[in-house]
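Chemist: I am attaching a structure below and will ask some questions about it afterwards.
The values are calculated or read from the model by the stated rules, or taken from the named source; none is laboratory data. All figures in this text were calculated on a predicted structure; none of them were measured in a lab. As a convention, Cβ positions derive from the backbone with ideal geometry for all residues, glycine included, and neighbour counts pool all protein chains shown.
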Amino acid sequence: MTHQTQEYKDCIDACNTCADACDHCATACLDEEHVASMAACISNDIDCAAICRLAAGFMSRGSEHAKEVCALCAHICEACAAECAKHDNAHCNACAEACTACAKACRTMAG
């Protein structure tokens, strides 16, 4: 692991944890009784998981654009957390927490 990648480790870990939580949340939302009411949550989960994995990849490669991607990741994580917070499901609560933690880590990394 390069010095730069080690420097990003906490943020990479937060991004991977968030992506996993978003995948779980989206799948669990599909099992909800009123799945149509979960559409915005599912959509946000999918977007958030994708940007988290993208950001982790940029950081792992030590890309010169990692900070810009992380700034966008933080924004999308915050939107996902806000949507998940509207629902009273354990999977949504866990996802909102992971998204909030990731947004914080990405904002710190992005400077």
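Chemist: Are there any pairs, at least 6 apart or on different chains, whose C-beta atoms fall under 7 Å, with the first in the stretch 19-34 and crowded, with 17+ Cβ neighbours inside 10 Å and assigned to a helix (DSSP H, G or I) and the second at pLDDT below 95 and β-branched (Val, Ile, Thr), and if so, which?
Modeler: Note: pairs meeting the criteria are CYS29/VAL35.
Chemist: For a quick check of your reading of the model, give me the residue pairs whose first member lies in the stretch 92-111 and is under 18 Å from ARG53 (Cβ atoms), whose second is of a type in the set (Ser, Thr, Tyr), with beta-carbon atoms closer than 6 Å and at least 6 apart or on different chains.
Modeler: ALA98/THR17
Chemist: Considering (1) closer than 20 Å to ASP10 by Cβ; (2) buried (at least 23 other Cβ atoms within 10 Å of the Cβ), say which one LEU54 fails and leave the rest.
Modeler: Every listed condition holds for LEU54 apart from (2).
Chemist: Something else: List the number of the failed condition for GLY62; all other conditions in (1) part of a loop (DSSP other than H, G, I, E, B); (2) of a type outside the set (D, E, K, R); (3) surrounded by 15 or more Cβ atoms within 10 Å (Cβ to Cβ) hold.
Modeler: Single failed check for GLY62: (3).
Chemist: Could you say which residue among CYS106, CYS73 is in a helix (DSSP H, G or I), in contact with a Leu (Cβ under 8 Å, 6 or more places away or on another chain) and either surrounded by 24 or more Cβ atoms within 10 Å (Cβ to Cβ) or on the phi < 0 side of the Ramachandran plot (or both)? Can you show your working first?
Modeler: On the way: CYS106 fails: in contact with a Leu (Cβ under 8 Å, 6 or more places away or on another chain).
From the options CYS106, CYS73, the qualifying one is CYS73.
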